[in-house]
Amino acid sequence: MTESTDQVQEQVEEQEIDLTAANKVIDKYLDMPGNLMPVLQAIQEEYGYIPEETVHLTAERLNVYASQIYGVLTFYAQFHLKPRGKYIVRICMGTACHVKGAGRIADTLVDRLGIDHAETTEDLKFTAEHVACIGACGMAPVIMVNDATYGSMTVQKMDEVIQKYQAMD
Ligand code: FES
C-alpha cells in the first residue's frame with residue numbers, strides 16, 4: 001500500500017536528520033549579507049527538501065526567527081517542506097487538458113501508484129502534482145515527468161510512462 005506524504009513525513013521525522021550538510025552550507029554563507037535565500041536553496045539541494053530541523057538550525061545560526069524562515073519558505077513555491085519523489089509527475093489541469101481528459105490521467109496515477117495531488121510514494125520515487133497550463137495545449141492532455149514532456153496522453157500511455165520510470169533507478 002502506498003502511503004501519503006504526511007505518513008512519509010512522520011516516518012522521516014522519526015529518523016534523526018543529519019545536520020552536518022546543513023552546518024556546512026551555513027558555514028559557507030555565514031558572513032555573506034542576504035544569506036538566507038542562498039542558505040535555504042543550498043539546504044534544499046542537499047536534502048531534496050527543507051527538513052524542519054534545518055529551519056531551527058538556520059534560525060539559530062543566522063540569528064533570525066524561525067517564523068521569518070517559514071514565511072520565506074511558504075512564499076516561494078521553489079521550497080518544499082516535505083520529502084519529494086525523485087520523479088515529479090506534473091499533470092496539467094488547464095482547460096484544454098481538462099477537456100481532453102486530464103482527470104482520467106490523474107485517476108490513473110492514483111490507481112497505479114496511489115498518489116493524488118501533492119502526494120509522494122512510500123519509496124520516494126514519485127510525487128504527483130496537478131498544475132495549471134504548461135503552455136503545450138496543442139498536445140493536450142499533457143504531463144511532465146521532471147523536465148520531459150509527454151503529450152496526447154491516454155491511460156495506456158500513462159501506464160507506459162509509469163513503467164518506464166519505475167524501471168529506472
Ligand atoms: S491546458 Fe494543458 S498545456 Fe495548456
Contacts under 7 angstrom Cβ, first residue in the range 60-72 being hydroxyl-bearing (Ser, Thr, Tyr) and outside any loop (DSSP other than H, G, I, E, B), partner surrounded by 11 or more Cβ atoms within 10 Å (Cβ to Cβ) and modelled with pLDDT of 95 or more, 6 or more apart
Tyr70/Val55
List, please: which pairs have Cβ atoms under 9 Å, are six or more places apart or on different chains, and start with a residue in the range 78-104 that is at positive phi and not assigned by TED's automatic domain parsing to the domain that holds Gln41 and end with one that is surrounded by 15 or more Cβ atoms within 10 Å (Cβ to Cβ) and modelled with pLDDT of 95 or more?
Gly101/Ala140; Gly101/Pro141; Gly101/Met153
Is it fair to say Gly135 is within 15 Å of the ligand (Cβ to nearest atom), assigned to a loop (DSSP other than H, G, I, E, B) and without any contact (Cβ under 8 Å) to a residue 24 or more places away in the chain?
yes
If you take the residues in the range 114-132 that are of a type in the set (A, V, I, L, M) and within 16 Å of the ligand (Cβ to nearest atom), which one is nearest to Leu81 (Cα to Cα)?
Ala128
From Met158, Met153, Met144, which residue is aliphatic (A, V, I, L, M), within 16 Å of the ligand (Cβ to nearest atom) and part of a strand (DSSP E or B)?
Met144
Selection status of Lys157, closer than 23 Å to Tyr49 by Cα, surrounded by 14 or more Cβ atoms within 10 Å (Cβ to Cβ) and among the basic types (Lys, Arg)
no
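The values are calculated or read from the model by the stated rules, or taken from the named source; none is laboratory data. It should be emphasised that the depicted structure is a prediction, and the values quoted were computed from it without experimental measurement. When we count neighbours, we look across all protein chains shown, and the Cβ atoms used for this are built from the backbone with ideal geometry, even at glycine.
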